[in-house]
1. Run the helix sum for the protein assembly as shown: -39,500 (n - 2.57) per DSSP H stretch of 4+ residues, divided by residue count, reported at 222 nm to the nearest 500 deg cm²/dmol.
2. Got the B:Gly188 label distances to the other copies yet, label 7 Å along Cα→Cβ, in nm, shortest first?
3. Given the peptides B:68-77, B:172-181, arrange them by the average over their residues of other C-beta atoms within 10 Å, most packed first.
4. Taking just the alpha carbons, could you work out the radius of gyration and Dmax for region A:74-193, both in angstroms?
5. Anything over 19 Å Cα to Cα? Flag those among A:Lys88/A:Lys124; B:Lys50/B:Lys124; A:Lys22/B:Lys102; A:Lys22/B:Lys124; B:Lys50/B:Lys88; B:Lys22/B:Lys88, in the order listed.
6. If you find the alpha carbon centre of region B:98-139 and of region B:18-36, how far apart are they in angstrom?
7. Could you derive backbone 3J(HN,Hα) for region B:44-61 from the dihedral phi with the Karplus parameters 6.51, -1.76 and 1.60 (θ = phi - 60°), listing whole Hz in sequence and x where the residue is Gly or Pro?
8. Using the Karplus curve 6.51 cos²θ - 1.76 cosθ + 1.60 with θ = phi - 60°, what ³J(HN,Hα) values do you get for each residue of region B:84-101, in whole Hz, with x for Gly and Pro?
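Values in this text are rule-based calculations from the coordinates and carry no lab data. Worth saying up front: this structure is predicted, and the values here are computed from it rather than measured. Neighbour counts run over all protein chains shown; Cβ positions are idealised from the backbone, glycine included.
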2 protein chains.
Amino acid sequence: MYEGAVQDLIDELGRLPGVGPKSAQRIAFHLLAADPTDVRRLVDALTEVKARVRFCEVCGNVSQEPQCRVCRDPRRSDEVICVVEEPKDVVAIERTREFRGKYHVLGGAINPIAGVGPDDLRIKDLLSRLASGVVTEVILATDPNVEGEATATYLARMLVPMGLTVSRLASGLPVGGDLEYADEITLGRAFEGRRRINA
Amino acid sequence: MYEGAVQDLIDELGRLPGVGPKSAQRIAFHLLAADPTDVRRLVDALTEVKARVRFCEVCGNVSQEPQCRVCRDPRRSDEVICVVEEPKDVVAIERTREFRGKYHVLGGAINPIAGVGPDDLRIKDLLSRLASGVVTEVILATDPNVEGEATATYLARMLVPMGLTVSRLASGLPVGGDLEYADEITLGRAFEGRRRINA
């Protein structure tokens, strides 16, 4: 519908996740009218990310150094590893300030429909990290959905016989939520995981 | 939360219209994992748009030539001008295939709260185009909201005394919509603009 360059930009933006044709058009016109230095900054940020960001050689998190910030931090315990699917899960957990160990990013979850098996995830690297014997506990923090649960089960079956303490993040009602709006699976999990109050 | 380049990209993406912090993060990680040639294509599209796209010297639409595709088209009538707020409105009207005249893009609408007055819009350019005497009809196709209506009223007061046929796009019920879900203003407009059926 648009002339060459404008349509090319709309097409490229439309390929981004969560950006539909209408948003792509809106963003393209915003950029057309924007100050050239603003567009320059976006272009630089894109170029920089591809040029400089790599994955941590230890845990698989995003990093600008061979090792990521968490793996480099000497104040963090090497005895506990929290296993997550994606680098953004690391950020979500870091935000809670609850965890002072290290991470291991799998790069996804087992998903037979999408053709993702255990060999496509960074599970071998996890086993190498455990081989040193420093790690005593593994927290499985994969997503609380079918693929995440399958991945956690697969890992637990492998890790428990190795004598490690293996745990899974609790499922239950979201804090600040309404009981009546909880779906039955979440509510069922909340019952299952109920905690005794010692008053 | 992220290291340098990743956070920079998330920040830049978050400045785009309709992209919140979560979407910005999602897009950034998509681009991190994407093929470098895909990112290259996006970067090129951004650079090209800023380098090559300008605004049509006649109507203000986006264009890669001094004049846009519509203004260059000799098969289109010079007697009717359709006035719109933005280039994307041109595309929306072109999609209907109902209009065979030329356009005039104002670059916005009168909005006192945002500090946009008639002098900030391409109204002087419109008057120069009308001065030649070729144009006989002006269709005011600004948005059917407060700012668009104010702009249409302002232009109508100026153009009607010049002896031009001035019209405004019809307001009414959206085709395929449900009467009971129409807001009262739209329903009121639909009553006002009712058409007699001669069976």
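1. Values: 16 runs with 174 residues, N = 398.
Using -39500 (n - 2.57) per qualifying helix, the result is -13000 deg cm²/dmol.
2. Spacings between copies for this position, smallest first, are 5.2 nm.
3. Going from most to least packed, we get B:68-77, B:172-181.
4. 15.2, 48
5. Numbers: A:Lys88/A:Lys124 21 Å; B:Lys50/B:Lys124 26 Å; A:Lys22/B:Lys102 24 Å; A:Lys22/B:Lys124 31 Å; B:Lys50/B:Lys88 17 Å; B:Lys22/B:Lys88 27 Å.
Among A:Lys88/A:Lys124; B:Lys50/B:Lys124; A:Lys22/B:Lys102; A:Lys22/B:Lys124; B:Lys50/B:Lys88; B:Lys22/B:Lys88, the Cα-Cα distance tops 19 Å for A:Lys88/A:Lys124; B:Lys50/B:Lys124; A:Lys22/B:Lys102; A:Lys22/B:Lys124; B:Lys22/B:Lys88.
6. About 38 Å separates the Cα centre of region B:98-139 from the one of region B:18-36.
7. Each residue's phi maps through the Karplus curve to give 5, 4, 5, 5, 4, 4, 6, 7, 10, 8, 10, 10, 4, 5, 8, 10, x, 6 Hz.
8. 10, 7, 10, x, 5, 5, 4, 4, 4, 6, 4, 4, 6, 6, 8, 10, 10, x
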